[in-house]
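Before any comments, here is the structure.
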Amino acid sequence: MNTDGLIVFTQDLVRIPSLSGEERGVAARVQAEMETLGFDRVWMDANGSVVGVIEGSRPGKTVLLDAHIDTVGISPGAPWRHDPFGAAIDQGALYGRGAADMKGALAAMVHAAAALDRATLAGRVLVSASTLEEVLEGVALHAVMDATPPDFVIIGESTDLNLSRGGRGRAEVHLTTVGRPSHSSAPHLGRNAVLDMMRVIAAVEQIALFTDPVMGPAIFALTDIISAPYPGHSVIPSICQVTYDRRLLPGERKDEVLAAITSLPALADIQLQAEIAIDAYTAFTGATLRSEKFFPAWLLPEDDAFVATALAALNAAGIAARPSAYRFCTNAAYSAGIAGVPTVGFGPATEADAHVIDEHVRLDHLFAAAKGYRAIIEATLAA
């Protein structure tokens, strides 16, 4: 494998801003790289995701490697030491937005797949550079998998070069209290929806959540609050809505998540509505992706055949990987959590390297990730 070429490709990707819905430039660069490296087929789907195929010499299973190409933005005034779109290399690490999450992993996947010896493969390899993951986990990947159904999936989100066999899910929960407006000089004539919501928040914060021995506790995190009318000029607010980010554990269902709130006896006198958010986003192609924001958790048994094969392949390649699980939500919420396709996660950098100031990926991690992807593919599709 050409490590210099891998570095240059990663730098090119990092230098192209690619917020969710604005990934056109990165998608074009990925497509060009796949074509230059000799992928057998390359195309861009209706959502802007780029898919490349490497065909083995014999029929067999299909392995799909997926990495998203959208990133979060740069917080105003954030004191980066390195230009977030400069892709500078400093002391063995490549810096820039998306370096860890997850353009480095994508570059490693593309170069690992291109370096495969087709004569030794029974089956095919797909590399998917998917869009809009930062806002709708798994929705763009769903379309890729519908078009080219895989038997196994490798998610390239950061694992510190360990092997994730599961991951938390995510739900966006909207809670709304409905009060009664009145003039603020006579608040007793109305019912203040904000005061009701304060009681709701206090009660929600006391809900006992489950803990999973592999991926840790479920989480309820309050992320925003708004009231109406706003501004409230001399008016008692009649509506208040909050959003909770609910991190899910395997087996949790949306009806249970909502019922845990609405069934609280302390809130019986409050007019409370609880629902899972539904949102829509427009891809750079013009396509609209719409989804309920409930992305389930997933977990494969430690003795699962694909987990065992991947773990053995990594260790045989000199990568001292151990079983782990993602603490955040990934595209595997669809591939494993909904579609039920055997899925593992493997990638450079750590979870803590994502979405931060001076985001970076170590070059030794980048090279090891490419080596690891190749090892897992070869072990899974051995002719």
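Where a number appears in this text, it was derived from the coordinates with a stated rule and is not lab data. Since this is a predicted model, take the numbers as computed values, not measurements. Every residue, glycine as well, gets a Cβ built from its backbone with ideal geometry; the counts of neighbours run over all protein chains shown.
Remarks
- Diffusion constant of region 169-282 at 4 °C, which comes from Stokes-Einstein with the Kirkwood Cα-pair radius and 1.567 mPa s, µm²/s: 85
- Global geometry of region 269-383, whether rounded, prolate or oblate, following the gyration tensor of its Cα atoms and the 1.5 cut on a/c: prolate
- Helix 24-36 axis, angle to the chain major axis (alpha carbon atoms, nearest 10°): 20
- Charge dipole (the chain, unit charges on Cβ, about Cα centre) - positive-most of 226, 236, 373: 236
- In the chain, taking the dipole from charged Cβ atoms about the Cα centre, the farthest positive-side position among 338, 60, 311 is held by 338.
- For the chain, relative contact order (Cα pairs under 8 Å, six or more residues apart, normalised by length) works out to 26 percent.
- Of 250, 76, 84, the one that fluctuates the most in a GNM where the chain has Cα springs shorter than 10 Å: 76
- Placing +1 on the Cβ of every Lys and Arg and -1 on the Cβ of every Asp and Glu, with no other charges, gives region 262-305 a dipole of roughly 320 debye about its Cα centre.
- Placed amide H near residue 71: partners under 5 Å, 5+ positions off or other chain: 18, 19, 20
- Toward the positive end of the charge dipole of region 169-282, with +1 on the Cβ of Lys and Arg and -1 on the Cβ of Asp and Glu, the farthest Cα among 181, 210, 282 is that of 181.
- Here, the chain has an Rg and a Dmax of 22.9, 81 Å when only alpha carbons are counted.
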